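Chemist: Have a look at this one.
The values are calculated or read from the model by the stated rules, or taken from the named source; none is laboratory data. No experiment lies behind these values; they were computed from the predicted model shown. Ideal geometry is used to build each Cβ from the backbone, glycine not excepted, and the neighbour counts take in all protein chains shown.
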Amino acid sequence: MTQEITFPKRFKFNEIQKKWIKYWKENDIYSFDIDKEGKIFSIDTPPPFVSGTLHLGHVLNHSWIDFVARYHKMRGENVYFPQGFDCHGLPVELAVEKNYGISKNDRDLFLNKCIEWVEENIANMRKQFDDLGYSTDWDYTYRTMDEKYKYKVQKSLLDFYNKGWLYREKFPTHFCVNCETSVAKAEVGYKEEKGSLWYVKLPIVGGENEYITIATTRPEYMEACVGVFAHPNDDRYYHLSAAELKIPFTDRTVRIRMDKNVDMHFGTGIVYCCTYGDEMDIRWKFEYNLDEIQLFTEDGHMNQNSKYHGLTINEARKQIVKDLEEEGLLEKIVDHEHSIVIHSERSSCRKPIEYLPVYQWFIKLKDFKEEIIKAGEAMQWYPEKHKQRLIDWAEGLDWNWVISRQRIFGTPIPFWYCIDCGEIIAPNEEELPLDPVKINPPLETCPKCQSKQIQGEKDVCDCWIDSSITPLAIGKWLEDEQFFKKTYTNAKVHRPQGYEIIRTWLFYTLFRCNKLTGQPPFDEIMINGMVAGPDGRKMSKSFGNIVSPDEVMPEFGADAIRQWAALGTLGDDYPFEYTWYNIHTKQPIKDDLIKKERIKLPRDKFDKKYRRRFEQLIGASRFITKMWNAYRFLYVNLQKMDISNIDQEINEITTVDSFIYSEFNKVLKEVKFALDAYNWHDAFISLKTFFWNDMCDNYIEAIKYKFYSDNVIESNIAIKNALHIFYQMLKIFGIIMPFITEEIYDLLYKQYIKIKSIHLEQFPTDYKNLSQNKIIQGKISLEIIKNLRNIKSKRGIPLNQEIKKIILIIADRTENFNGEMLANIKNTIRINDLQILDTLNEDFNENKNIFKESIEELGISAYIFT
Ligand SMILES: [Zn+2]
Ligand SMILES: [Zn+2]
């Protein structure tokens, strides 16, 4: 029943990938059926931001997620594996402004273009996911910009509002004047900067030419100074306690206060408090009830409260320093290295953060940190070490969550407020989703002050508000109660993600889903690290060490890239290695040469002189070739035989089969243990080593002769048993390499197994009822074969050259030798006359035709007659 198919010499992945992607789609191989048997295992995949292209970090992260899905499916669970997209965000707005030249002021047109742009990007990214062999069911995809999704987000905010956990307040907030939006605490970081420390003299009121000198890194805040502080133990200023100082460029005076938070060793030991220069200023303002003077506009200029109205913050700084100098108030300037707060979450920004008092929407977070910690502790962490990141972050939390963003393309905050008294007016639930800027409020007059000045909120939600309900969105929360019960409430829910978003995505999801459903969302979490360049630094444009998946996928294929991903370590950063070489000389470019000659390395693969060599992927390709050749060898031999199935018959299992099967059992146990802990690295190494060394190099070599035997029964049994164990391996390799395994399945196994795809297979079980005696016999013959082969090659005898005679001296163990073992050794090593003896009956002098070798680990001496 052999079909008219051929097994090509090479694995042509480009064509093969296309073929299987199409086939899988058309045959619903990855379709989710909620009514299928098995416990539901839901995967809350991270929705990538819709940049239009996946980077290597995504490839690592999502390859792992695909391994999780495939493995759990094989274990008989009903895996629910949707993939969504995170659509909102500033980069979309910037791209639309830049690419289409449309202004934000044309709101409707602008929003439509945003959607159009996002759609295009999603199409491209979906294709990249498919090319990677990603087994998601696209019927369950979601986009955070969908009306259905917005409904859930807005409904969740309404719930929070009704419970008193959502409020609007004017508050000094981290604000990026570059992006013109407020940002959350989790989105800011620190940067070391070489700056200056300006020593400014402030005149003492009532004194004649008397000054005190403050030191500041931000002279542009001068006009917002509302207090001056010194340490109560600082004798230098004790006599000035409660003195008044005149603030330059204003007609105001401020008081000196004593506060133990002042660092006596910084500058002159006396500092000014401005609203708002830093977090200390905010604390002092509220503690001492100081005035609030706001100087900056949201786009980084000085406002009408400043003499420098209209200048940018930087221009104002220069002018103020100049003016202070002219007035004789600048004592000195010294170099000063300090860390500044920057907008770190968006790598394209990294500009300084200001504190601006603006009306913002907040979610109460501080009150719930204990619950969040509890939800985090209840999950199983892979690896355990990252749990502490969540706990530390939660414990240190002393801010509520600013959820409003001063942007356009986002989920509208579905509320109105009274301009006169600030009263919030909530929407009617049945009108959600809505945009309060576009529709009338449910009330025409303010219920508190009867004002008719009702304003729809223009701000939109922070992206984390969208993405922190992903487990609910995929579970069809508020949409399909049965579905939600099965995929959220009663399912095992798995969260895969990078460690860099533990304090954002994970933290917020635990908090919100727990609050909205009364049940923590996750049973377990798998954490991946970041992809680094070969130098160990994170991939970034400025380091020039970025590799795009589009650069390597066409050259190496998905199965190779996925092998690279499989070798990463759970929870740790992982390098994507390459070395530069000169295309013409083929010589590598050494690091010191790069530095010395200041070679500016090219940024893409089209460079005419230099190119990158990707050793990890070259290694992966070699393994693919090894696999392909092994199965092709079986295929070619199968063509000469006639077997109707590859089922196991216990009496047909030979000694060598028994041994390799029992070794497989051990490997299977190891691999399962590793896969259960999402330890892809160990699982893949075990599999690969066993496949390459034990199965291809030893087992196949030892049974190969049977394929050419005239004994039809013997050759049929041999190929059947070999096909069986090679199939066990193929099924597991399918988790990591879905394309080559499907292709081999199709060519070699489908005729016997008769299911539509290898990816519908169950995880292999171990071989049962193996004969202990046969296992030992198989082990001994394979060991002897291995050693005799080594001896042959050491002595320069071609492996296929026949040897006249070999005598093996095996004290006390000859009775273990049966005819099958002898035949295996004799035929594999090609020995005309093989004798096994307890002791040597006659003496042989070693000469050029007879030599003695010992196989020490087996206690065997071998006399070899050539
Ligand atoms: Zn920014
Ligand atoms: Zn009112």
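Chemist: Is at least one residue of region 50-57 small (Gly, Ala, Ser) and part of a helix (DSSP H, G or I)?
Modeler: For region 50-57, residues small (Gly, Ala, Ser) and part of a helix (DSSP H, G or I): present.
Chemist: Could you please let me know if Phe32 is aromatic (Phe, Trp, Tyr), away from ligand 2 (no atom under 16 Å from the Cβ) and buried (at least 23 other Cβ atoms within 10 Å of the Cβ)?
Modeler: Against the criterion (aromatic (Phe, Trp, Tyr), away from ligand 2 (no atom under 16 Å from the Cβ) and buried (at least 23 other Cβ atoms within 10 Å of the Cβ)), Phe32 does not qualify.
Chemist: Are any residues in region 438-476 within 26 Å of the chain's Cα centre (by Cα) and either assigned to a loop (DSSP other than H, G, I, E, B) or within 16 Å of ligand 1 (Cβ to nearest atom) (or both), and if so, which ones?
Modeler: Result: Asp462, Cys463, Trp464, Ser468, Ile469, Gly475, Lys476.
Chemist: Show the residue pairs meeting these rules: Cβ distance below 7 Å; 6+ apart or different chains; first residue within region 166-183 and more than 17 Å from Gly277 (Cβ to Cβ) and more than 16 Å from ligand 1 (Cβ to nearest atom); second residue β-branched (Val, Ile, Thr) and not in a loop (DSSP other than H, G, I, E, B).
Modeler: Final answer for the pair search is Leu166/Ile363; Arg168/Ile424; Lys170/Val358.
Chemist: Between a first residue in region 670-693 that is of a type in the set (Val, Ile, Thr) and a second residue that is buried (at least 18 other Cβ atoms within 10 Å of the Cβ), which pairs have beta carbons less than 7 Å apart while being 6 or more apart in sequence or on different chains?
Modeler: Val671/Ala683; Val671/Ser686; Val671/Leu687; Val671/Ile732
Chemist: Oh, and also: Scan region 358-379 and report the pairs whose first residue is within 28 Å of Ile293 (Cα to Cα) and whose second residue is surrounded by 15 or more Cβ atoms within 10 Å (Cβ to Cβ) and of a type in the set (Asp, Glu), with Cβ atoms within less than 8 Å and a gap of 6+ or a chain change.
Modeler: Val358/Glu298; Gln360/Asp459; Trp361/Glu457; Trp361/Asp459
Chemist: Considering (1) farther than 30 Å from Asp676 by Cβ; (2) modelled with pLDDT of 90 or more; (3) aliphatic (A, V, I, L, M), say which one Ile594 fails and leave the rest.
Modeler: Looking at each condition in turn, Ile594 falls short on (2).
Chemist: Please count how many residues of region 820-861 are assigned to a strand (DSSP E or B) and of a type outside the set (A, V, I, L, M, F, W, C).
Modeler: Matching residues across region 820-861 total 7.
Matching residues to (1) within 26 Å of Ser709 (Cβ to Cβ); (2) of a type in the set (Lys, Arg):
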position: Lys768; (1), (2): no, yes
position: Arg789; (1), (2): yes, yes
position: Arg795; (1), (2): no, yes
position: Leu840; (1), (2): no, no
position: Phe844; (1), (2): no, no
position: Ile860; (1), (2): no, no
position: Ile864; (1), (2): yes, no
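Chemist: Go over the candidates Gly206, Gly189, Gly164 one by one and state the one that is out of contact with any helix residue (DSSP H, G or I) (no Cβ under 6 Å at 6 or more places or on another chain), closer than 30 Å to Trp505 by Cα, at pLDDT below 95 and surrounded by fewer than 20 Cβ atoms within 10 Å (Cβ to Cβ).
Modeler: When all the criteria are applied, what remains is Gly189.
Residue-wise test of (1) aromatic (Phe, Trp, Tyr); (2) within 26 Å of the chain's Cα centre (by Cα); (3) surrounded by 14 or more Cβ atoms within 10 Å (Cβ to Cβ); (4) not in a helix (DSSP H, G or I).
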{"position": "Leu111", "(1), (2), (3), (4)": "no, no, yes, no"}
{"position": "Glu116", "(1), (2), (3), (4)": "no, no, no, no"}
{"position": "Glu120", "(1), (2), (3), (4)": "no, yes, no, no"}
{"position": "Phe129", "(1), (2), (3), (4)": "yes, yes, yes, no"}
{"position": "Thr136", "(1), (2), (3), (4)": "no, yes, yes, yes"}
{"position": "Gln154", "(1), (2), (3), (4)": "no, no, yes, no"}
{"position": "Leu157", "(1), (2), (3), (4)": "no, no, yes, no"}
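Chemist: Out of (1) touching a Lys or Arg at 6+ places or on another chain (Cβ under 7 Å); (2) in a loop (DSSP other than H, G, I, E, B), the odd one out for Glu220 is which?
Modeler: (2)
Chemist: Check whether at least one residue in region 487-495 is assigned to a strand (DSSP E or B), modelled with pLDDT of 95 or more and of a type in the set (D, E, K, R), and report yes or no.
Modeler: yes
Chemist: Just checking, which of Leu365, Leu434, Leu330, Leu356 is of a type in the set (A, V, I, L, M, F, W, C) and within 16 Å of ligand 1 (Cβ to nearest atom)?
Modeler: Leu356
Chemist: For the subset of region 410-437 comprising residues that are buried (at least 20 other Cβ atoms within 10 Å of the Cβ) and assigned to a loop (DSSP other than H, G, I, E, B), which member is nearest to ligand 2 (Cβ to nearest atom)?
Modeler: Here the residue is Phe415.
Chemist: Out of the residues in region 304-363 meeting the condition of being among the hydroxyl-bearing types (Ser, Thr, Tyr) and touching a strand residue (DSSP E or B) at 6+ places or on another chain (Cβ under 7 Å), tell me which one is farthest from ligand 2 (Cβ to nearest atom).
Modeler: Here the residue is Ser339.
Chemist: Let me ask another. Out of the strands (runs of 3 or more DSSP E) lying entirely within region 326-384, which hold 3 or more residues that are surrounded by 14 or more Cβ atoms within 10 Å (Cβ to Cβ) and over 29 Å from the mean Cα position of the chain (by Cα)?
Modeler: Fully inside region 326-384 and qualifying: 330-343, 353-363.
Chemist: Go through region 502-590 and tell me which helices (runs of 4 or more DSSP H), entirely inside it, have 3 or more residues that are surrounded by 21 or more Cβ atoms within 10 Å (Cβ to Cβ) and in contact with a helix residue (DSSP H, G or I) (Cβ under 7 Å, 6 or more places away or on another chain).
Modeler: 507-517, 558-566
Chemist: Let me ask you something else. Restricting the search to region 452-469, which residues are in contact with a helix residue (DSSP H, G or I) (Cβ under 7 Å, 6 or more places away or on another chain) and over 10 Å from Val153 (Cα atoms)?
Modeler: Result: Trp464, single match.
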